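Report on the structure given below.
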Amino acid sequence: MASYRPFRPAYRRPARALPQLERPALPAAVVDAVLRFHDEEQDQGAGRTLLRLSQRRLRDKEIRAALGELTARAANVSILWNEREGEIIRVLEAA
């Protein structure tokens, strides 16, 4: 009867270091502002809606006061919202 023995290479291959591209975390203030002040809604079907801030809305004093220097970053953020459950499914940020 043959016995089974797993293959083990005779040498250990060094681990390849991949460059880590760190992206700063999205501040909660940006997500909160998009949820509170959004003016664009796109129905995605199945009870999901994509929420965004329009360029016109980003120029409002209310938004600038709430976000300050993060206003430009909020322009690239979309939130996929579940209408049925009333919760965030995913936060998307354009590069």
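The values are calculated or read from the model by the stated rules, or taken from the named source; none is laboratory data. Everything numeric in this text was worked out from a predicted model, so none of it was measured. Positions of Cβ are backbone-derived with ideal geometry, glycine not excepted, and every protein chain shown enters the neighbour counts. In case anyone asks, the SASA skips ligands and DNA or RNA and just uses the protein heavy atoms, side chains included. Shrake-Rupley method; radii C 1.70, N 1.55, O 1.52, S 1.80 Å.
With +1 on the Cβ of every Lys and Arg and -1 on the Cβ of every Asp and Glu, and nothing else charged, how large is the dipole of segment 28-93 about its Cα centre, in debye rounded to the nearest 20? Kindly include the intermediate steps, with their values, before the conclusion.
Numbers: 11 positive and 12 negative charges, 49 e Å.
With only Lys, Arg, Asp and Glu charged at Cβ, the dipole is about 240 debye.
Exposed loop sites here are trypsin sites (Lys or Arg not before Pro) in DSSP loop states with at most 11 other C-beta atoms within 10 Å. What is the longest stretch of the chain lacking them?
Numbers: sites that count: Arg12, Arg16, Arg59, Arg84.
Counting only loop sites that pass the neighbour cut-off, the longest clear stretch is 17-58.
Of the accessible area of the chain, with the probe set at 1.4 angstrom, what percent is carbon plus sulfur? Can you show the working numbers first?
On the way: 3920 of 7910 Å².
On the chain, the fraction of accessible area on carbon and sulfur atoms equals 50 percent.
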- request: Starting from the chain, pick out the GluC sites (Glu not before Pro) whose DSSP state is loop and whose Cβ has at most 15 other Cβ atoms within 10 Å.
  value: Glu22, Glu83, Glu85
field: Exposure of Ser78 as accessible area (Å², to 10), given a probe of 1.4 Å and all protein chains
entry: 10
query: Counting other Cβ atoms within 10 Å, which chymotrypsin sites (Phe, Trp or Tyr not before Pro) in segment 1-91 have at most 10 and lie in a DSSP loop?
result: Tyr4, Phe7, Tyr11
task: Would you rank Leu80, Leu51 by solvent-accessible area, highest first, keeping every protein chain in place and using a 1.4 Å probe?
output: Leu80, Leu51
